[in-house]
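Q: Encoded as structure tokens, here's the structure I'll be asking about.
None of the figures in this text is laboratory data; all of them are computed from the coordinates on show. Because the structure is predicted, anything quoted here is derived from the model rather than measured. When we count neighbours, we look across all protein chains shown, and the Cβ atoms used for this are built from the backbone with ideal geometry, even at glycine.
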Amino acid sequence: MALRTTHIDRMRDGSFDTLIIGGGINGAVTAASLAGRGASVALVDRGDFANFTSQASSNLVWGGFKYLENYELWLVFKLCQSRNRLMRAYRANIKEIGFYAALDEKGPYKPWFAAFGALGYWIIGQFGTKWPRLLSQEKIEKEEPAIDTTDVAGGIEYRDGILIDNDARFVFSFVRSAIEAGAAAANYVELVSAERDGDRWVAQLRDVDTGEEFHTTARTIVNAAGPFVDETNQGWGLSTEHRIVYSKGIHLVVPRLTTKVHNKVLAFYDDTERLFYVIPMGNRSVIGTTDTRIDTPYTEVDDDDIDFLLSQINARMDLDSPLTPDDIIARRSGVRPLVVKTDGGDQTDVDWTKLSRKHAVETDHRQRVVTIFGGKLTDCLNVGEEVADEIEDLGVPLERDLHNWYGEPAKATRKEFFRQARLMKLDRMRSRPEIEPLADRLWRRYGRRAFAMLDAIRVDPSMAEDIMGSADYIRVELHEAARSEMVTKLEDFMRRRSKIELVVSDHDIEHSPGLREIAEILFGDDEADRRLAEYFGGADKVPAAVKAGPPPTAASKSAGDVLV
């Protein structure tokens with residue numbers, strides 16, 4: 001946690017060009033964009049980075065095929081443009097994937113018409129993916145036998161992108177980019193109040209972890225509070241032309257439903273004629289999402305959500321046995337913050353089912369506040385650039401945008417990493433050949449930071465050992481997370497820096513002796529018990545296997561010092 005402490009020290013009585021409130025995708029990408037162009041930036045979130053809406057996405061990078069239904073062609077073009085840029089910039093993290101849509105005889109669209117739409121989508125997307133296909137019932141049955149084709153008239157396949165790791169980790173990559181460009185960033189730092197004093201904002205902040213309060217100042221503020229932007233602006237007395245309404249969506253993570261030979265996203269229309277998906281996640285499948293009108297940003301998965309999704313998937317897939325709640329490994333729930341104009345009446349007047357995930361950026365020039373409404377992960381680069389333009393218009397000088405504030409390291413750097421990994425036979429150090437090669441994974445997750453990890457493994461080969469069985473994380477990754485990823489609570493690592501909670505069952509987590517070593521590496525031996533008790537909801541609730549920890553090994557925890 002030393003990195004977080006250092007950044008809080010920088011904020012304490014600090015002076016910045018811009019203070020960003022909210023560390024979801026909008027706040028993270030804004031911090032990276034501004035810091036990458038020379039602005040002094042402070043980024044805070046009252047929880048962990050990406051701990052709310054941004055950790056509940058479908059992990060897809062897509063242009064919005066369904067928005068063609070409402071003829072939002074400009075929005076689709078902008079989203080496809082951003083998708084293409086992200087896929088080029090993050091080749092190891094975002095992969096092209098097929099969306100395999102099976103269309104029922106009584107569905108809203110005939111296969112030929114859907115194929116026409118897919119062709120238009122491909123053209124609007126500037127041919128950034130492989131071309132679409134029209135599918136017959138026979139071809140669907142042959143290519144993906146998990147689909148029940150009894151009532152299927154045919155289908156289409158079009159292409160978009162998917163995140164190999166989880167959405168929250170992708171958000172954190174922008175936080176890391178901002179830090180590397182000089183930004184100060186800290187999770188679990190809450191905005192208590194903010195007032196104008198002359199030509200600056202004076203913000204009172206509170207360290208949620210310790211309770212300490214301190215002040216920082218900034219010329220401008222970016223409100224990137226996601227579902228909470230309206231109440232944040234109201235606290236400052238700001239009125240805006242836009243506001244947020246909420247739509248709840250859930251995902252269920254279950255054992256893999258589709259054939260591994262064809263790694264595709266399956267798409268179906270549910271009984272309400274809304275699209276839902278079966279998304280691959282390694283050895284798991286993610287089913288979702290729903291669309292439920294709610295009046296609060298706080299959501300949870302309830303029995304009705306589960307019954308609906310399971311009934312829809314069981315009716316459309318030819319499974320060995322129907323899915324039941326016992327098959328659910330993880331549940332995800334979040335809100336879509338949808339943008340509407342403030343002159344549209346109260347929320348009950350909004351036809352929210354037709355609202356897209358477009359964003360709006362609004363600037364109060366008198367108060368020098370920029371507010372980001374709505375948006376989605378795919379649109380993040382557009383958001384970062386638009387907010388930078390607004391901040392520059394408020395008088396903060398920025399360097400020319402060289403588009404180097406996002407993306408993976410250069411090809412030459414990647415080539416050198418894999419050369420070194422090959423010489424030290426890194427991929428042969430693992431006894432699980434069925435999973436992704438270790439070199440590929442370390443490069444994708446850590447980029448340039450992975451070179452130091454190779455050094456640590458050279459010093460101590462036990463650094464390449466799996467630390468928690470099926471979680472698929474090696475010891476050196478924990479040392480890197482402790483050093484540079486601001487893990488403040490155990491949940492930060494288990495749910496957001498990694499996707500362990502999404503793919504490993506609660507039973508396996510609770511019976512994993514390796515979890516104690518994870519806590520010890522992340523927080524130190526003296527702090528591990530407190531963080532484990534916090535994670536499980538009390539010291540008396542920490543499972544016996546976790547309390548005991550792994551048997552003694554030759555692993556040297558000090559080998560993590562090589563990463564420094």
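Q: Return the long-range amide H neighbours of G24 (sequence gap of 5 or more, or a different chain), with a cut-off of under 5 Å between placed amide H atoms.
A: Amide H neighbours of G24, under 5 Å, 5+ apart: A50.
Q: Return the sequence-ordered ³J(HN,Hα) values of the stretch 22-31 in whole Hz as given by the Karplus equation 6.51 cos²θ - 1.76 cosθ + 1.60 applied to θ = phi - 60°, using x for Gly and Pro.
A: Residue by residue, the stretch 22-31 yields x, x, x, 4, 5, x, 5, 5, 5, 4 Hz.
Q: On to the next question. Which of V278, V189 comes first, and how do the rest follow, when ranked by fewest Cβ neighbours within 10 Å?
A: The fewest-first ordering by Cβ neighbours comes to V278, V189.
Q: May I pose another question? Quick one: if the Förster radius is 35 Å, what FRET efficiency do E436 and Q234 give, using the C-beta to C-beta distance and rounding to 0.05?
A: With a Förster radius of 35 Å, E is 0.15.
Q: ³J(HN,Hα) across the stretch 499-515 via Karplus (A = 6.51, B = -1.76, C = 1.60, θ = phi - 60°), whole Hz, x for Gly/Pro?
A: Working through the residues one at a time gives 10, 4, 5, 7, 10, 10, 5, 4, 4, 5, 5, 5, 10, 9, x, x, 5 Hz.
Q: So if I take the centroid of the Cα atoms in the stretch 194-249 and the same for the stretch 3-36, what is the distance between those two points in Å?
A: 13 Å
Q: Taking amide H atoms as placed 1.01 Å from N in the peptide plane, list the residues 5 or more away in sequence, or in a different chain, whose amide H sits under 5 Å from that of R91.
A: E408
Q: What is the distance in Å between the Cα centroid of the stretch 146-165 and that of the stretch 41-79?
A: Result: 21 Å between the Cα centres.
Q: Any idea how far apart D343 and T413 come out in nm if each label point goes 7 Å out from Cα toward Cβ?
A: Once both label points are built, they end up 4.8 nm from each other.
Q: Past 26 Å, Cα to Cα: identify those pairs from K264/K376; K248/K547; K66/K110; K106/K376; K499/K541, in the order given.
A: Beyond 26 Å: K248/K547; K106/K376.
Q: Using the 2.2 N^0.38 Å rule of thumb for compact globular proteins, work out how the chain stacks up: its C-alpha Rg over that value, please.
A: 0.97
Q: Next question. For the stretch 291-298, what does the Karplus curve 6.51 cos²θ - 1.76 cosθ + 1.60, with θ = phi - 60°, yield as ³J(HN,Hα) per residue in whole Hz, taken in order and with x for Gly and Pro?
A: Result, ordered by residue: 8, 10, 6, 9, 10, 9, x, 8 Hz.
Q: What's the exposure ranking of W236, W405, going from fewest to most Cβ atoms within 10 Å? If you can, show how the numbers build up before the last one.
A: Working: W236 16, W405 23.
Ordered by Cβ neighbours within 10 Å, fewest first: W236, W405.
Q: Quick one: net charge of Y90's neighbours, Cβ under 10 Å, K/R +1, D/E -1?
A: For residues surrounding Y90, the net value is +4.
Q: For V192, which sequence-distant residues (separation of 5 or more, or a different chain) have an amide H within less than 5 Å of its own amide H, given hydrogens modelled in the peptide plane?
A: Q204, L205, R206
Q: Express as a percent, rounded to the nearest 5, the fraction of DSSP beta bridges in the chain (both residues included) that run antiparallel.
A: Counting only bridges with both partners in the chain, antiparallel ones make up about 75 percent.
Q: In the stretch 358-403, which GluC sites (Glu not before Pro) are in a loop and have at most 16 other Cβ atoms within 10 Å, using DSSP for the loop call?
A: E399
Q: Right, here's the next one. Once you list every other residue whose beta carbon is under 13 Å from the beta carbon of V152, what net charge do they have if Lys and Arg are +1 and Asp and Glu are -1? Walk me through the intermediate numbers first.
A: Details: positive: K106, K110, K139, K142, R316; negative: D104, E105, E138, E141, E143, E144, D148, D151, D318.
Charge balance in the 13 Å sphere: -4.
Q: Let me ask another. Grab the beta carbon distance between D508 and I123, set R0 = 41 Å, and tell me the FRET efficiency rounded to 0.05.
A: On the way: r = 46 Å, r/R0 = 1.12.
With a Förster radius of 41 Å, E is 0.35.
Q: Modelled label-to-label distance, N70 and D151, 7 Å Cα→beta-carbon offset: nm?
A: Taking the simple label geometry, N70 and D151 are separated by 2.7 nm.
Q: At what distance in nm do the modelled label points of K139 and T6 sit from each other, each positioned 7 Å from its Cα along Cα→Cβ?
A: 5.5 nm
Q: Another question, if that's okay. Give me I467, I221 ranked fewest to most by other Cβ atoms within 10 Å of their Cβ, as a rough exposure proxy.
A: By the 10 Å Cβ count, ascending, the order reads I467, I221.
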